[in-house]
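Accompanying notes for the structure given below.
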Amino acid sequence: MSETLRRLHSLLRDEDGLIAELLIEEVPADARPAAASPTSSEGAPSPPTPASLAAGGPRLDGRAEEYELLIEAIYEGYLLHYRSPRVIRAPEQDLGLLAGDRLYALGLARLVALGDIEAVAELADVIALSALAHGADNPELAEAVWAAGARAVGWGSSAAHERAKALTRAGSPHALASMRSAGEGAQDA
């Protein structure tokens with residue numbers, strides 16, 4: 001388990017309340033979703049998590065750990081909505097959705113406290129665009145949205161990224177390729 005997931009688990013436990021009651025006892029070593037595991041089934045390295053990708057960017061000005069934590073909170077909220085969460089287990093779907101919303105809010109509130117309005121807007125777009133992608137039954141596009149959004153948080157947005165978001169909003173068949181291209185820039189930077 002990553003140190004950041006441990007920190008998120010502790011943060012949620014210390015908040016007490018309903019979210020603390022939904023925490024798994026211990027976060028297992030394999031708590032990362034399959035798309036973000038250290039190696040793929042073929043043994044090749046998998047892409048970094050959105051949180052670690054963003055944290056590697058020069059835009060974060062010495063605050064990488066805080067950004068990594070808040071993005072992990074938002075990403076865990078996303079996982080509660082659409083995939084398999086890593087630190088929370090909700091016995092009912094509705095409870096999982098509410099917990100996911102709480103994690104979205106927790107991460108965005110921490111980001112607002114940092115005064116990074118550009119990243120707040122970017123992550124709000126990530127939440128909305130990934131929901132659109134899942135609504136269109138396109139989980140690959142949702143993952144590409146996360147990668148490109150993380151790149152924009154860590155490195156700043158680009159014209160290509162803004163075009164990719166517009167294509168995604170429009171439901172274009174070119175959205176996936178465009179979003180993947182926008183997300184690749186962080187790995188080369």
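The values are calculated or read from the model by the stated rules, or taken from the named source; none is laboratory data. Bear in mind that the values here come from a model prediction, so they are computed numbers and not experimental data. Cβ coordinates were reconstructed from backbone atoms using ideal geometry, including for glycine residues, and neighbour counts include every protein chain displayed.
Some observations on this one:
- Criterion: among the acidic types (D, E), closer than 19 Å to P48 by Cβ and without any contact (Cβ under 8 Å) to a residue 60 or more places away in the chain - qualifying residue of E140, E72, E68: E140
- Considering the stretch 1-34, the residues that are surrounded by 12 or more Cβ atoms within 10 Å (Cβ to Cβ), hydrophobic (A, V, I, L, M, F, W, C) and part of a helix (DSSP H, G or I) include one that is modelled with the lowest pLDDT, namely L18.
- Residue that is surrounded by the most Cβ atoms within 10 Å (Cβ to Cβ) [pool: residues in the stretch 164-175 that are more than 28 Å from L69 (Cα to Cα) and in contact with a helix residue (DSSP H, G or I) (Cβ under 6 Å, 6 or more places away or on another chain)]: A175
Table: residues versus (1) of a type in the set (F, W, Y); (2) in a loop (DSSP other than H, G, I, E, B); (3) closer than 25 Å to L18 by Cα.
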{"site": "A105", "(1), (2), (3)": "no, no, yes"}
{"site": "I127", "(1), (2), (3)": "no, no, yes"}
{"site": "A131", "(1), (2), (3)": "no, no, yes"}
{"site": "H134", "(1), (2), (3)": "no, no, no"}
{"site": "E140", "(1), (2), (3)": "no, no, no"}
{"site": "W146", "(1), (2), (3)": "yes, no, no"}
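- Identity of the residue in the stretch 78-135, in contact with a Lys or Arg (Cβ under 7 Å, 6 or more places away or on another chain) and charged (D, E, K, R), that ends up surrounded by the most Cβ atoms within 10 Å (Cβ to Cβ): R86
- Sole residue being closer than 25 Å to W155 by Cβ, surrounded by fewer than 14 Cβ atoms within 10 Å (Cβ to Cβ) and modelled with pLDDT of 95 or more, chosen from P58, P38: P58
Here is a yes/no grid of residues against (1) basic (K, R); (2) touching an Asp or Glu at 6+ places or on another chain (Cβ under 7 Å):
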| site | (1), (2) |
| --- | --- |
| R63 | yes, no |
| E66 | no, no |
| L69 | no, no |
| L80 | no, no |
| S84 | no, no |
| V87 | no, yes |
| P91 | no, no |
| D101 | no, no |
| A109 | no, no |
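- The stretch 72-99, residues that are among the basic types (K, R) and closer than 23 Å to D137 by Cβ: R83
- Of the numbered criteria (1) part of a helix (DSSP H, G or I); (2) polar (S, T, N, Q); (3) at pLDDT 95 or above; (4) more than 14 Å from the chain's Cα centre (by Cα), the one S157 fails is (1).
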